[in-house]
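See structure below.
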């Protein structure tokens with residue numbers, strides 16, 4: 001990506017672009033390119049992206065973009081840049097929390113609305129599959145029977161598989177926007193769709209904002225710190241490596257690392273293991 005333009009595949013920039021009420025029109029256009037639904041389904045309401053824990057010690061999840069349609073269906077749109085083998089488990093966790101969060105004590109299961117998770121990755125999930133957009137539902141392998149009554153659906157979109165040539169879909173245009181590396185590429189795709197033009201212009205505005213750039217740089221540093229901690233643990237043995245890092249790090253460095261990891265939504269347990277800080281110290285950051 002050109003140095004003066006922030007990457008739309010960064011999860012925070014993605015959220016600023018598509019998770020803002022003022023930008024709803026191009027979120028709707030992106031969804032229309034991925035999911036075929038009745039027109040009224042695209043009347044969207046933005047929801048809180050924090051997944052409320054069911055118990056005190058439960059993991060806290062923060063998703064990128066969460067909206068509810070006019071019919072009550074809930075859409076979770078995620079962007080994932082760094083390769084992870086646990087992507088399936090992560091999506092399962094998010095999907096389950098979105099279902100559990102709909103029903104309160106004493107309520108009937110009938111209040112549960114369908115949850116659709118859309119995960120866009122900058123890495124390959126299914127190496128043997130050529131299609132870059134895939135839809136998953138509960139289906140019997142033997143006869144292809146789909147259990148329609150289960151209110152869950154997952155879409156995966158793998159950016160590395162998007163063909164270089166236009167495949168005739170609007171989805172292709174949006175994926176070109178997400179994976180563009182230069183301003184020239186953004187301008188080329190912007191002429192294809194007025195909503196993409198709006199998204200490109202918004203990206204330019206964000207990229208020119210000094211506060212946004214400072215936050216972006218801090219998050220990038222936190223991500224690098226996190227990856228360094230993981231790599232260090234792999235080299236020396238996970239527990240041994242993390243313990244050595246705790247002993248060698250200065251107090252102020254550990255606090256900064258914890259603060260950055262917390263901004264990325266890393267679990268408190270992993271921050272404790274990575275920095276040696278207590279749960280109370282992390283809560284104050």
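The values are calculated or read from the model by the stated rules, or taken from the named source; none is laboratory data. Since this is a predicted model, take the numbers as computed values, not measurements. Note that we place each Cβ from the backbone using ideal geometry, even for glycine, and neighbour counts take in every protein chain shown.
Here are some notes:
- Selection count where residues are outside any loop (DSSP other than H, G, I, E, B) and over 20 Å from residue 119 (Cβ atoms), scope the stretch 4-22: 2
- For the residues 41, 36, the requirement of being at pLDDT 80 or above, out of contact with any helix residue (DSSP H, G or I) (no Cβ under 8 Å at 6 or more places or on another chain), surrounded by fewer than 20 Cβ atoms within 10 Å (Cβ to Cβ) and outside any helix (DSSP H, G or I) singles out 36.
- Residue within the stretch 230-238 that is under 21 Å from the mean Cα position of the chain (by Cα) and either surrounded by fewer than 19 Cβ atoms within 10 Å (Cβ to Cβ) or at pLDDT 75 or above (or both) present: yes
- The listed residues are 159, 133, 178, and the only one of them that is in contact (Cβ under 8 Å) with a residue 60 or more places away in the chain and in contact with a strand residue (DSSP E or B) (Cβ under 6 Å, 6 or more places away or on another chain) turns out to be 133.
- Selection from the stretch 19-33 of residues that are within 16 Å of the chain's Cα centre (by Cα) and either more than 27 Å from residue 222 (Cα to Cα) or modelled with pLDDT of 95 or more (or both): 27, 30, 31
- Of the residues in the stretch 211-221, not one is at pLDDT 95 or above, under 16 Å from residue 18 (Cα atoms) and in a helix (DSSP H, G or I).
- Residue in the stretch 139-159 that is in a helix (DSSP H, G or I) and closer than 20 Å to residue 35 by Cα present: yes
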